[in-house]
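Read-outs throughout are calculated quantities, based only on the coordinates presented, and are distinct from any laboratory measurement. Note that the coordinates shown come from a computational prediction; the quantities given were computed from them, not determined experimentally. Here Cβ is always computed from backbone atoms with ideal geometry, including for glycine, and neighbour counts include all displayed protein chains.
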Amino acid sequence: MKKSHILIVEDDEDIQQLVAFNLLKAGFHVTCADDGEEGLLQLGKQQFDCLVLDLMLPGMSGYEVCSVIRENEEYGKLPIIMLTAKGEENDIIMGLDKGGDDYITKPFSPKVLVARIKSVLRRGKIEKDSSEVKNKDEEIICYGDLCIDQGRHEVTIGEEVIHLTMTEFSVLSLLAGRPGWVFSRQKIIDNVRGYDYAVTPRAIDVQVFGLRKKLGASGERIETVRGIGYRFTN
């Protein structure tokens, strides 16, 4: 079986070696970069399955790196796990808003990091496998000009492709898959990230805000249910 390839972008040599050692021990193939520019260069040269990204990097910050990745058509859907000393709630929300799929604060447990990487990779595999057993009609959900192709992991409005992060796509698919159904913020977290994911419900508000912004008029279909969460209207 092919090993999953993980890119580590971390300027602290000790932390970089600690992460690399534990990922190699867990059976991953690993490539390291000391800064954001080198990380983006590696992404253009090789194919990766996940990125472990420090935010406080020399030169180009991790936030900027994340934004560049999300705007790239070739590897824009790469799962990104942010690993940083910035642990305030606002920092976490900003990281998720910039396109991070997970957020781990330093000091951290290498075992937890490995588990989070496996969780992100497993979610991607489940989405791929589930799409393969569906027929074509079941894979695509359409409401007006908005179409969600779960098999291709693609969202379009008319002829325009809307670039979403893995988390944004998961939230949209969850809500649109059961129109009219009210999902609490915690229920959304449980469904798209797993029951052990340490993130505040407020971060879901950031994901929904980003979705509405990217979807334009179609984003109005995502309604806020005051005091509970969100629902999708058809």
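What the table below lists for this structure:
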| item | result |
| --- | --- |
| GNM top mover of 46, 207, 17 - the chain, alpha-carbon springs below 10 Å | 46 |
| Per residue Cα convex hull volume in Å³ - calculated over segment 5-123 | 92 |
| Mean residue ellipticity (222 nm) of the chain, computed from DSSP H runs ≥ 4 via -39,500 (n - 2.57), nearest 500 | -13500 deg cm²/dmol |
| Convex hull projection area averaged over all views, segment 134-232, Cα basis, nm² | 6.3 |
| Extension reserve of the residue 202-residue 74 stretch, reckoned as 0.36 nm per residue once the Cα distance is removed | 43.0 nm |
| Gaussian network model of the chain, Cα within-10 Å springs - most flexible of 162, 92, 80 | 162 |
| Potential extension, residue 105-residue 67 segment - 0.36 nm per residue separation minus Cα distance | 11.7 nm |
| Where labels lie 7 Å past Cα in the beta-carbon direction, separation of residue 31 and residue 178 in nm | 4.0 |
| Gaussian network model of the chain, springs between alpha carbon atoms under 10 Å - residue of 14, 35, 102 with greatest fluctuation | 14 |
